[in-house]
Amino acid sequence: MAEIDKDAPGYEMWMLLAEDLVKYVEESGGFPRPTVAGVGKWTSHQRKLRMEGQLEEARGAWLDEKVPGWDSDDKHRYGLVRRRR
C-alpha cells in the first residue's frame, strides 16, 4: 500500500476524520448516514471523490484497509448495513 503524503495540504484533518470513521464503525457496527454531521458528510465526500477518480490512491487504500466497504452505495446512502466482523 502506498503511503499517504503527510506533507499534503489537509493531511492532519483528513487523518482525524478518517480515524473518526474507524471509531464510528467500531462503536456502532455500521456506517454513518451522509447526513451525520462530521463523519457522515466527510465519508460521503470521500466516496464522491473516489467515484470521480479524484481521491488520492493512498487515501483510498488506507480507507479500504481500515474500513472495508466504506465506499459502497447502499451503506452510505442508508446507513443500514452492518460491517462484517
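Readers should treat all values here as calculations from the given coordinates under stated rules, not as data from a laboratory. In this text the structure is predicted, and so the values were computed from the model without any measurement. A quick note on method: Cβ atoms are made from the backbone with ideal geometry, for glycine too, and the neighbour counts reach across all protein chains shown.
Computed 3J(HN,Hα) for segment 18-29, one whole-Hz value per residue from the Karplus formula 6.51 cos²θ - 1.76 cosθ + 1.60 where θ = phi - 60°, is 5, 5, 4, 5, 4, 5, 4, 5, 4, 6, 9, x, glycine and proline marked x.
Note on segment 11-75: the C-alpha convex hull projects to 4.0 nm² when averaged across all orientations.
Converting phi to 3J(HN,Hα) with the Karplus coefficients 6.51, -1.76 and 1.60 and the offset θ = phi - 60°, segment 4-17 yields 5, 6, 6, 8, 5, x, x, 4, 4, 5, 4, 5, 4, 6 Hz in sequence order, with x at every glycine or proline. Distance between the pseudo-spin-label points of LYS66 and GLN54 (7 Å out from Cα toward the beta carbon): 2.2 nm.
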